[in-house]
Structure formats: C-alpha cells, structure tokens
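Derivation of every value follows stated rules applied to the coordinates shown; laboratory data play no part. Everything numeric here is computed off the predicted structure, so don't read it as measured data. Reconstructed Cβ throughout: ideal geometry from the backbone, glycine too, with neighbour counts over all protein chains shown.
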Amino acid sequence: MDMKQMLKQAQAMQEGMKKKGDEFDEKEFQFETGGGAITINLLGDGEIVKIDINKDLLDPENKEMVEDMVLVGVNEAQSSVRAQKDEIMEEGLPPQLKGMI
C-alpha cells in the first residue's frame with residue numbers, strides 16, 4: 001500500500017470516528033440512583049438535561065441526603081457515558097491503536 005492510500009484510509013477512519021462521536025454526543029442517556037428516587041438524563045457529551053427527584057425526598061430534613069444522592073448519581077452517569085463513548089470510539093480501530101484514545 002502506498003503512502004497516498006494510507007493517508008486516504010487514515011482520513012476516512014478519522015471522519016468515521018468523528019461521525020460516531022458526534023452521534024454519540026447527541027444521544028440521551030438515563031440513569032437512576034437512590035433506588036430510582038432520583039433520575040438523571042444527560043447527553044453523550046455529558047450535558048445534564050434533566051434531573052427528576054421523587055417528591056417524597058423533598059423534605060427539609062432530607063436535604064443533605066438528597067444532595068449526596070444527586071452528586072453520586074451525576075458522577076456515576078457521567079462516568080458511564082464516558083466509558084461507553086470510549087468503547088464506541090475504539091470500534092473499528094486497528095488493534096495496535098486501541099487503548100490510545
């Protein structure tokens with residue numbers, strides 16, 4: 001394979017990865033924490049689009065617990081989405097390049 005073909009192949013791979021990344025960034029994910037008491041919706045790019053808190057938790061005495069649950073849920077959701085994106089972005093890469101993203 002000559003250099004021109006290799007460059008074309010690399011460019012096509014790069015464009016394909018960008019397309020996958022863009023599509024993933026627009027996808028919406030939903031996560032629950034606190035046994036389903038809090039639901040967090042976020043996009044693949046990490047933007048949080050909605051947080052739903054069960055009204056039974058909205059007692060002033062529960063304030064600190066709810067804050068902790070939201071924080072844990074947001075961190076877990078963002079971590080999960082990042083891991084899924086990394087996995088998708090590595091699909092189609094030659095084996096020697098996997099793990100480098």
Legend entry - Nearest-ten-degree value, helix 3-26 long axis tilted from longest Cα axis of the chain: 10 degrees
Inset, instruction - Positive end of the charge dipole of the chain (Lys, Arg +1 and Asp, Glu -1 on Cβ, about the Cα centre): tell me which of ILE38, LEU58, GLN9 has its Cα farthest that way. - result: GLN9
Inset, instruction - Using the Karplus curve 6.51 cos²θ - 1.76 cosθ + 1.60 with θ = phi - 60°, work out ³J(HN,Hα) for each residue of region 67-73 in order, rounded to whole Hz, and write x for Gly and Pro. - result: 4, 5, 5, 5, 4, 4, x
Inset, instruction - Measure off 7 Å from each Cα along the Cα-to-Cβ vector at GLU76 and ASP45, then give the distance between these two points in nanometres to one decimal. - result: 2.7 nm
Legend entry - Theoretical FRET efficiency, 1/(1+(r/R0)^6), r = Cβ-Cβ of ASP52 and GLN84, R0 25 Å, to 0.05: 0.70
Inset, instruction - Would you mind computing, in nm to one decimal, how far apart the modelled labels at ASP68 and GLU28 are, each placed 7 Å from Cα along Cα→Cβ? - result: 3.1 nm
Legend entry - Karplus-derived 3J(HN,Hα), 6.51/-1.76/1.60, for each residue of region 77-86, Hz, glycine and proline x: 5, 5, 5, 5, 5, 4, 5, 5, 5, 4
